[in-house]
1. Name the residue, out of 50, 94, 41, that is modelled with pLDDT of 95 or more, surrounded by fewer than 17 Cβ atoms within 10 Å (Cβ to Cβ) and out of contact with any helix residue (DSSP H, G or I) (no Cβ under 6 Å at 6 or more places or on another chain).
2. Take residue 222 and decide whether it is without any contact (Cβ under 8 Å) to a residue 24 or more places away in the chain, in a helix (DSSP H, G or I) and under 28 Å from residue 51 (Cα atoms).
3. Test residue 203 against the stated conditions and say whether it is touching a helix residue (DSSP H, G or I) at 6+ places or on another chain (Cβ under 6 Å), farther than 28 Å from residue 106 by Cβ, surrounded by 15 or more Cβ atoms within 10 Å (Cβ to Cβ) and at pLDDT 95 or above.
4. I need a count of the residues in region 61-102 that are assigned to a loop (DSSP other than H, G, I, E, B) and either within 12 Å of the chain's Cα centre (by Cα) or more than 19 Å from residue 243 (Cα to Cα) (or both).
5. Would you say residue 221 is over 17 Å from residue 183 (Cα atoms) and either buried (at least 16 other Cβ atoms within 10 Å of the Cβ) or under 17 Å from the mean Cα position of the chain (by Cα) (or both)?
6. Of 192, 253, which residue is farther than 27 Å from residue 157 by Cβ and at pLDDT below 95?
7. Among the residues of region 237-248, count how many are surrounded by 13 or more Cβ atoms within 10 Å (Cβ to Cβ) and more than 20 Å from residue 24 (Cβ to Cβ).
8. Identify all residues within region 79-91 that are touching a residue at least 40 places away in the same chain (Cβ under 8 Å) and surrounded by fewer than 19 Cβ atoms within 10 Å (Cβ to Cβ); write none if there are none.
């Protein structure tokens, strides 16, 4: 079993060209890092103490996943970049995260709907990534899948609880669904990197993930008595470094200390 603890060396990746795998690992790290940063904004502000703690723990889980992806990418790259270098010293256009994960919390309904969309994708994605022929990525997926299973259960239950709750909670969830729906399509839209690594056995098939995602989302929305939007037009561009204005504000807060005091340690 591959040791994923910080500072341990990973096995040598078996690929003739490391750059696509490095880029892919950083992309996966970007998704969970930005979502972790966004969720962490709830720390101390949750609707009740139990959910405040739950969201903080989910943010920590996602941050841990980001560290694994970034550490692997840095070691595979071989240029001495650490997980901190990758996270703190890139500008917004260099990040490849989904547009969905950078969207504002707005309220508890938006936070839960955003989380549910991502969790349904991440659960299926990690199941696929666990079959990657890159041992390090497969090991990361196997470790992260235990957390993702809980995350999906948590967000699914909250979508149902609020959607099929009071008239006010139902309306708030419907508003969140209508607002975030246009960002959901990017989750399963493959680009050249996804397709190239799929053919090499590195990345999972996003079409298979899409089938699971759609089935899961349809089932939960029906149980929550929420109406799925008819609009099929979807925003995209995050994988290519084209982001909403929200990412810049996230990075400004997240990167401030390291950029002001490079190499600073607690």
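1. Details: 50 fails: modelled with pLDDT of 95 or more; 41 fails: modelled with pLDDT of 95 or more.
The conditions single out 94.
2. Judged against the criteria, residue 222 is a match.
3. Numbers: touching a helix residue (DSSP H, G or I) at 6+ places or on another chain (Cβ under 6 Å): yes; farther than 28 Å from residue 106 by Cβ: yes; surrounded by 15 or more Cβ atoms within 10 Å (Cβ to Cβ): yes; at pLDDT 95 or above: yes.
Judged against the criteria, residue 203 is a match.
4. In the first step, residues of region 61-102 are kept if they are assigned to a loop (DSSP other than H, G, I, E, B); the result is 78-82, 89-91, 95-99.
Checking which are either within 12 Å of the chain's Cα centre (by Cα) or more than 19 Å from residue 243 (Cα to Cα) (or both) leaves us with 78-82, 96-99.
Residues flagged as assigned to a loop (DSSP other than H, G, I, E, B) and either within 12 Å of the chain's Cα centre (by Cα) or more than 19 Å from residue 243 (Cα to Cα) (or both) within region 61-102 amount to 9.
5. On the way: over 17 Å from residue 183 (Cα atoms): no; either buried (at least 16 other Cβ atoms within 10 Å of the Cβ) or under 17 Å from the mean Cα position of the chain (by Cα) (or both): yes.
Against the criterion (over 17 Å from residue 183 (Cα atoms) and either buried (at least 16 other Cβ atoms within 10 Å of the Cβ) or under 17 Å from the mean Cα position of the chain (by Cα) (or both)), residue 221 does not qualify.
6. Details: 192 fails: at pLDDT below 95.
Just one listed residue meets the conditions, 253.
7. Adding up the residues that qualify gives 3.
8. Hits for region 79-91 are 84, 88, 89, 91.
The values are calculated or read from the model by the stated rules, or taken from the named source; none is laboratory data. The structure displayed is predicted, hence computed values, not measured ones. Positions of Cβ are backbone-derived with ideal geometry, glycine not excepted, and every protein chain shown enters the neighbour counts.
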